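Please treat every number below as a calculation from the coordinates, not as lab data. Because the structure is a prediction, the values reported are computed rather than measured. Glycine gets a Cβ as well: all are built from the backbone with ideal geometry, and neighbour counts include every protein chain shown.
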Amino acid sequence: MAKTQPKYPPGIPYIIGNEFAERFSYYGMKTILVVFMTQYLMSNSGTLDPMSEADAKYWYHMFSMANYFFPIIGAIISDIFWGKYKTIINLSIVYCLGHLFLGLFETRFGLAMGLTLIAIGSGGIKPCVSAHVGDQFSEKNKSLLTKMFSNFYLAINIGAATSSLLTPVLLEIYGPHIAFGLPGVLMLIATIIFWMGRNKFVAMPPVGIEQYKRDLLSPQGKKALKNLSLIYLFVSIFWSLFDQTGSSWVLQAQHMDRWVNLGFVQFELLSSQIQAFNPVLIIILIPTFAYVVYPFANRFFDFTALRRMSVGFFVAAASFALCAVAQSLIDGGGTPSILWQFFAYFLITIAEILISITALEFAYTQAPHNMKSFIMGFYLLSISLGNFVTAMVNHFIQNPDGSSKLAGAAYFWFFVVLVSITGFIFMFISRHYKEEIYLQSREKLG
């Protein structure tokens with residue numbers, strides 16, 4: 001009798017469709033954020049009132065910090081009160097309102113209100129969506145889980161690539177109202193798609209406050225929090241580098257030769273469009289790593305999640321080293337090719353695959369059954385912490401006269417040293433980590 005092949009759960013297409021549209025909205029907004037703040041921001045009286053580059057980087061990373069702080073709040077609401085599905089639907093409405101403020105108002109008030117609501121909405125649903133993906137799987141089809149998380153990440157980056165190329169053009173031609181308005185429409189579509197799958201999902205109910213406290217204070221809960229907090233403290237440093245692709249890398253690109261010659265056509269990229277390199281490369285490299293690199297590496301040694309993350313730190317260091325060299329050329333009066341950033345993106349994208357996708361799956365499998373959303377939120381706190389590190393670095397390196405203590409290439413070299421030291425310490429710490437796997441059991445669902 002032939003062995004039955006495992007099948008993907010019926011709710012997966014709705015999750016993937018929702019994720020594509022939601023990520024289009026988020027990255028479309030975020031791609032143009034620094035350019036908007038430094039070139040298009042208006043005062044309440046209707047006159048142009050742009051931010052300085054230092055202020056824009058500070059705002060950008062404080063928003064990113066808030067966006068990845070709220071997942072822990074959303075996780076608690078999900079696990080105790082609403083469950084994942086209801087939390088996603090309710091906070092998606094808040095998310096849509098944030099896009100509405102950005103689309104209607106070009107002032108600091110509109111910026112502050114829009115980013116606050118987006119941080120609450122987007123941040124609140126983040127741990128629930130990724131944990132909701134894992135909840136759809138059982139022992140019968142758990143072999144598909146790794147590929148599913150890769151496909152999930154693929155949907156994220158198809159949406160991000162599309163919006164990263166499109167919204168800068170909309171900003172350039174039509175201005176902030178249209179450029180921020182389209183991502184808002186896509187967020188509304190994302191909410192509708194997710195609602196359409198409501199009868200297809202396996203929906204884990206909330207456990208309530210008493211059970212939640214017991215789970216959190218159980219030996220498994222304490223162990224998971226203790227072990228993962230240490231791992232994600234190190235992972236936060238990777239995010240302090242990676243999220244600068246939307247701030248310091250965009251500002252650097254403004255001083256580079258952005259003309260691209262493909263032989264049959266030439267064109268100039270906008271400085272904020274350079275961010276599309278990352279999701280385009282992700283689309284190419286995710287299947288390469290999932291189906292070629294990892295299986296090949298595992299033929300020779302066990303390329304575990306922690307080993308993948310260890311390698312990722314040093315690859316991230318190499319990417320920032322390329323930016324540092326390019327910045328040295330700019331500091332010397334040159335105009336280096338955007339190819340410097342392309343190769344830097346290639347390296348940091350590999351680091352993202354090794355660290356981010358791995359950590360996403362790792363957070364789910366290491367979480368006890370009733371703590372899935374909380375642990376996902378706990379993982380996302382590492383991104384919040386990383387952006388806080390970057391925001392604080394940019395705050396404290398500013399001198400009273402407007403100059404910087406880490407001017408030019410020294411800024412990038414600082415982060416090269418920081419992540420390299422982190423990588424070496426992580427290699428030592430990870431050797432003593434003992435992994436445990438928790439997957440939802442259908443018997444628990446009755």
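Tabulated results
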item	result
Among VAL265, ALA305, LEU339 - extreme Cα towards positive end, dipole of the range 252-375, charges at beta-carbon	ALA305
Greater than 27 Å apart at Cα, pairs in LYS30/LYS226; LYS84/LYS223; LYS84/LYS222	LYS30/LYS226
Point-charge dipole on Cβ atoms (K/R +1, D/E -1) for the chain, about Cα centre, debye to 20	1680
Helix 176-196 axis, angle to the chain major axis (alpha carbon atoms, nearest 10°)	10
Unit charges at the beta carbon, dipole of the range 146-295: most positive-side option, TYR174, LEU228, SER163	LEU228
Using alpha-carbon coordinates, inclination of helix 145-174 to the longest axis of the chain, degrees	30
Mean Cβ neighbour count within 10 Å, used as a protection proxy, ranking 282-295, 24-37, 314-327 highest first	24-37, 314-327, 282-295
Degrees separating the helix 83-104 axis from the principal Cα axis of the chain, which is the longest one	10
For the chain: span of alpha carbons on each principal axis (Å, largest first)	68, 51, 49
Calculated SAXS-style log₁₀ I(q)/I(0) at q = 0.17, 0.20 Å⁻¹ - the range 185-280, Debye, Cα scatterers	-0.99, -1.02
